[in-house]
1. Could you list all residues from the stretch 247-274 that are of a type in the set (A, V, I, L, M) and either assigned by TED's automatic domain parsing to the domain that holds residue 94 or under 27 Å from residue 91 (Cα atoms) (or both)?
2. Report, ordered by the first and then the second residue, all pairs with beta carbons closer than 7 Å, sequence separation of six or more or different chains, a first member in the stretch 59-70 that is of a type outside the set (A, V, I, L, M, F, W, C) and at pLDDT 95 or above, and a second member that is surrounded by fewer than 24 Cβ atoms within 10 Å (Cβ to Cβ) and part of a loop (DSSP other than H, G, I, E, B).
3. Would you pick out the residues in the stretch 79-95 that are of a type in the set (D, E, K, R) and assigned to a strand (DSSP E or B)?
4. For the stretch 186-201, which residues satisfy the criterion of being closer than 16 Å to residue 233 by Cα and either at pLDDT below 95 or in contact with a Ser or Thr (Cβ under 7 Å, 6 or more places away or on another chain) (or both)?
5. Got a sec? Which of 214, 201 is more than 19 Å from the chain's Cα centre (by Cα), more than 20 Å from residue 130 (Cα to Cα), in the same structural domain as residue 164 (by TED's automatic domain parsing) and surrounded by fewer than 16 Cβ atoms within 10 Å (Cβ to Cβ)?
6. For the stretch 176-196, which positions are touching a Leu at 6+ places or on another chain (Cβ under 6 Å), more than 17 Å from residue 206 (Cα to Cα) and either of a type in the set (Lys, Arg) or surrounded by fewer than 22 Cβ atoms within 10 Å (Cβ to Cβ) (or both)?
7. Does at least one position in the stretch 216-233 carry a residue that is among the small types (Gly, Ala, Ser), in contact with a strand residue (DSSP E or B) (Cβ under 9 Å, 6 or more places away or on another chain) and modelled with pLDDT under 95?
8. Mind checking whether some residue in the stretch 63-75 is touching an Asp or Glu at 6+ places or on another chain (Cβ under 9 Å), closer than 25 Å to residue 253 by Cα and in a loop (DSSP other than H, G, I, E, B)?
Amino acid sequence: MPLRAFRIAYDGTDYRGFQRQPDVATVEDAIFDSLRALDILEPDADKPAGYAAAGRTDAGVSALAQTIALEAPDWLAPRALNAELPADVRAWAAAEAPDGFHATHHASRREYTYHLYAPVADGAPAPPAVDDDRFRAACEALSGTHDIHNLTPDDRNTERSLSLAARRDGDYLVVTASAGGFARELVRRLVSLARAVGTGESPLEKVDRVLEPEPLPGHEGVAPAPPEPLVLTEVDYPDLAFEIDDDAAASARAVFNRRRVDRRTGARVAGQVADGMR
């Protein structure tokens, strides 16, 4: 069977990450269960023939453009895959892949977006105010080619060429990080470090210290920011031309729009409870 690649979007809230793990729900498990239900993956098979994914995402992290590839029949359109997937995991585009294609190794660029809640101080209880200029200065200092061993639990292959930028959108700083590949927890630690500089908790010089060859002592370490505001938004493949499945994309938009309404409603309810205790 030919190799085919699929774009997968998911809400990572209820999953322990993308990659399979024993005894916990993961996005990859949901995909494999769908393929078994469609008789593409044998019940006792470990994974589909030719299978690979663009990368792992941590527990709680969502995706717009996670990409998987596998040997698949021509009839396996995104809408067919969605028929067996849970509502919070949606295929929405597909592409024919050349022989030897590997969804991990052949990605030329990956992009993540982090939605950092950073309201302008107005006297109401809120997180420490973030100075946008200081935050952007930290992003600029972190951009470029660096050994990021102090910003990941990984202990090898830690050199990365990074681009980090931020723009203000109301109460949020929308942080975009792009690179050829990302080490574990890297984006969340980049955001955490930039936030510490932006609030004045750390000086800008802390960035230089983090990027030095010497390991940071524990008390100087950079903890990762929470995972839920992080989204894998782009994965680029120069040799693939994805075609959007209009029906699958429409159903996916409906699912995520319902979730947007549900969460806005939940926020209003929580706000009423909080405001009522004054």
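The values are calculated or read from the model by the stated rules, or taken from the named source; none is laboratory data. Keep in mind that what you see is a predicted model, and the values were worked out from it rather than measured. Counting neighbours? That spans all protein chains shown, and the Cβs are built from the backbone with ideal geometry, glycine included.
1. Restricting attention to the stretch 247-274, the residues satisfying the condition of being of a type in the set (A, V, I, L, M) are 248-250, 252, 254-255, 261, 267, 269-270, 273-274.
Once the filter is applied, which keeps residues that are of a type in the set (A, V, I, L, M) and either assigned by TED's automatic domain parsing to the domain that holds residue 94 or under 27 Å from residue 91 (Cα atoms) (or both), the stretch 247-274 yields 248, 249, 250, 252, 254, 255, 261.
2. Here the result reads 60/227; 60/228; 62/11, each pair linking the stretch 59-70 to a residue that is surrounded by fewer than 24 Cβ atoms within 10 Å (Cβ to Cβ) and part of a loop (DSSP other than H, G, I, E, B).
3. First, the residues of the stretch 79-95 that are of a type in the set (D, E, K, R): 79, 84, 88, 90.
Across the stretch 79-95, the qualifying residue is only 90.
4. Residue satisfying the conditions is 186 alone.
5. Numbers: 201 fails: more than 20 Å from residue 130 (Cα to Cα).
Sole residue among the options that is more than 19 Å from the chain's Cα centre (by Cα), more than 20 Å from residue 130 (Cα to Cα), in the same structural domain as residue 164 (by TED's automatic domain parsing) and surrounded by fewer than 16 Cβ atoms within 10 Å (Cβ to Cβ): 214.
6. Once the filter is applied, which keeps residues that are touching a Leu at 6+ places or on another chain (Cβ under 6 Å), more than 17 Å from residue 206 (Cα to Cα) and either of a type in the set (Lys, Arg) or surrounded by fewer than 22 Cβ atoms within 10 Å (Cβ to Cβ) (or both), the stretch 176-196 yields only 179.
7. Filtering the stretch 216-233 down to residues among the small types (Gly, Ala, Ser) leaves 218, 221, 223, 225.
Add one more test, that the residue is in contact with a strand residue (DSSP E or B) (Cβ under 9 Å, 6 or more places away or on another chain), and what stays is 225.
Narrowing the set further to residues that are modelled with pLDDT under 95 leaves none.
Among the residues of the stretch 216-233, not one is among the small types (Gly, Ala, Ser), in contact with a strand residue (DSSP E or B) (Cβ under 9 Å, 6 or more places away or on another chain) and modelled with pLDDT under 95, which makes the answer no.
8. Scanning the stretch 63-75 turns up no residue that is touching an Asp or Glu at 6+ places or on another chain (Cβ under 9 Å), closer than 25 Å to residue 253 by Cα and in a loop (DSSP other than H, G, I, E, B).
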